[in-house]
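Worksheet: the structure to be examined is printed underneath.
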Amino acid sequence: MAVRLYCATSNAGKLLEFQQAAGDGIAIHGLPPVPCPESGATFEENAVLKAVCYSEALRGAPEGSPLASPLLFADDSGLVVDALEGAPGIHSARFAGPGADDAANNSLLLEKLSHVPGPRRTASFVCCIALSRGGGVIQTFQAEVKGMILDEQRGSGGFGYDPLFYLPELGRAFAELTPEQKWMHSHRGHAFEQLLSWLRQTEEGGSTAGL
Ligand code: ITT
């Protein structure tokens with residue numbers, strides 16, 4: 001029997017990555033979006049706020065239904081650019097303003113870095129995943145990956161800042177990778193691997209023998 005995990009996100013790109021990576025023994029389901037505060041000062045604080053917020057929103061689910069006290073996780077992630085003193089960081093989704101789309105965020109990033117030379121365009125993608133059940137946080141998992149910001153967009157895969165994030169060891173932008181390659185090298189893939197190995201070692205994982 002597969003372990004059932006619910007992913008607390010309104011970001012279709014994130015959900016797709018988790019679902020594409022889920023293999024035998026694990027099933028990942030989306031949830032209807034819930035408006036949650038993201039008032040924390042760190043990725044971890046915001047991941048915890050989102051996980052608890054979604055978990056509490058499900059408290060009214062009927063006893064016995066799959067949504068009654070499910071194991072769920074939230075991902076708070078973003079791009080940390082050294083030459084911008086860590087911006088956009090936890091504000092990555094709305095870098096160009098409330099409701100900003102990926103195109104506007106990427107344009108603003110290019111504009112802000114227009115006078116920054118290649119070697120100083122270092123950046124990291126960070127992902128923190130918070131696992132929750134019944135309104136409480138069980139555990140958090142954080143990972144980061146280091147790269148460079150390109151001076152023009154490359155590739156058409158992924159989402160968000162992927163066309164501008166270049167991975168020197170592969171010689172490609174994230175948006176030029178297959179989903180499998182991105183998962184293998186990404187902040188999200190690494191954080192989720194930590195979650196899986198934690199589940200394998202705990203009772204929360206239930207039937208994780210095959211993971
Ligand atoms: P939820 O809070 O509902 O999960 P969100 O998009 O608002 O959705 P975040 O607050 O965690 O999520 O913001 C993450 C932003 O960081 C995301 O919108 C992208 O702009 C960027 N980002 C995170 N991971 C990324 C990735 O793998 N590739 C490209 N951009 C990424």
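Principal axis lengths of the stretch 1-112 from Cα atoms, whole Å, largest first?
The Cα atoms of the stretch 1-112 stretch 52, 29, 21 Å along the principal axes, largest first.
Give me the angle, in degrees from 0 to 90, between the Cα long axis of helix 102-112 and the longest principal axis of the Cα atoms of the chain, rounded to the nearest 10.
40 degrees
Given the convex hull over the Cα atoms of the stretch 135-211, what projected area results after averaging over all orientations, in nm²?
Taking the Cα atoms of the stretch 135-211, their convex hull projects to 6.6 nm² on average.
Please compute, for the alpha-carbon atoms of the stretch 107-146, the extent along each of the three principal axes and give them in descending order in Å.
48, 19, 8
Could you tell me the calculated FRET efficiency between residue 27 and residue 156, based on Cβ-Cβ distance and R0 = 30 angstrom, to the nearest 0.05?
Efficiency for this residue pair is about 0.60.
What's the ranking of 51-57, 93-99 by average number of surrounding C-beta atoms within 10 Å, highest first?
Order by mean packing, descending: 51-57, 93-99.
With a cut-off of 8 Å between alpha carbons and a minimum separation of six or more residues, what is the relative contact order of the chain in percent?
Once divided by the residue count of the chain, the mean separation gives 19 percent.
Arranged from highest to lowest average of other beta-carbon atoms within 10 Å per residue, in what order do the peptides 177-188, 127-138 appear?
Descending packing order for the listed peptides: 127-138, 177-188.
What distance in nm separates the two pseudo spin-label positions at residue 41 and residue 19, each 7 Å out from Cα along the beta-carbon direction?
Rounded to a tenth, the inter-label distance reads 3.7 nm.
Show that you can apply the helix-only estimate: for the chain, add -39,500 (n - 2.57) for every DSSP H stretch of four or more residues, divide by all residues, and state [θ] at 222 nm to the nearest 500.
Calculated mean residue ellipticity at 222 nm is -8500 deg cm²/dmol.
Quick one: compute the contact order of the stretch 81-196, relative version, from alpha carbon pairs under 8 angstrom and 6+ residues apart, as a percent.
So the answer I get is 21 percent.
Can you give me the distance in nm between label points at residue 10 and residue 59, each placed 7 Å from the Cα along the Cα-to-Cβ direction?
2.1 nm
Please report the spacing between the Cα centers of the stretch 35-51 and the stretch 142-171 in Å, no decimals.
After rounding, the separation between the Cα centres reads 24 Å.
If the chain between residue 101 and residue 120 were fully stretched, how many nm would it gain, using 0.36 nm times the residue separation less the Cα-Cα distance?
4.3 nm
What figure, in Å² to the nearest 10, do you get for the accessible area of residue 126 with a 1.4 Å probe and non-protein molecules left out?
The value for residue 126 is about 10 Å².
So what's the projected area for the stretch 42-162, the Cα convex hull averaged over all directions, in nm²?
Seen from a random direction, the Cα hull of the stretch 42-162 projects 8.6 nm² on average.
Excluding same-chain pairs closer than 8 in sequence, count the lysine pairs in the chain whose Cα atoms lie under 23 Å apart.
Numbers: 14/50; 14/146; 14/182; 112/146; 146/182.
Count of close lysine pairs: 5.
As I understand it, the value is the acute angle between the Cα axis of helix 43-57 and the longest principal axis of the Cα atoms of the chain; what does it come to in degrees, rounded to 10?
Value to nearest ten degrees: 40.
Would you kindly calculate the translational diffusion coefficient of the stretch 81-138, applying Stokes-Einstein with the Kirkwood radius from alpha carbon pairs, for 20 °C and a viscosity of 1.002 mPa s, and quote it in µm² s⁻¹ without decimals? Walk me through the numbers before you get to the answer.
Details: Rh = 13.3 Å.
It comes out at roughly 161 µm²/s.
Work out, in µm²/s and without decimals, the Stokes-Einstein translational diffusion coefficient of the chain at 25 °C, 0.890 mPa s, Rh from Kirkwood over C-alpha pairs.
138 µm²/s
The values are calculated or read from the model by the stated rules, or taken from the named source; none is laboratory data. No experiment lies behind these values; they were computed from the predicted model shown. FYI the Cβ positions are ideal-geometry reconstructions off the backbone, even for glycines, and counts take in every protein chain you see. Heads up: the accessible areas ignore ligands, DNA and RNA and are worked out on the full protein's heavy atoms, side chains in. Shrake-Rupley method; radii C 1.70, N 1.55, O 1.52, S 1.80 Å.
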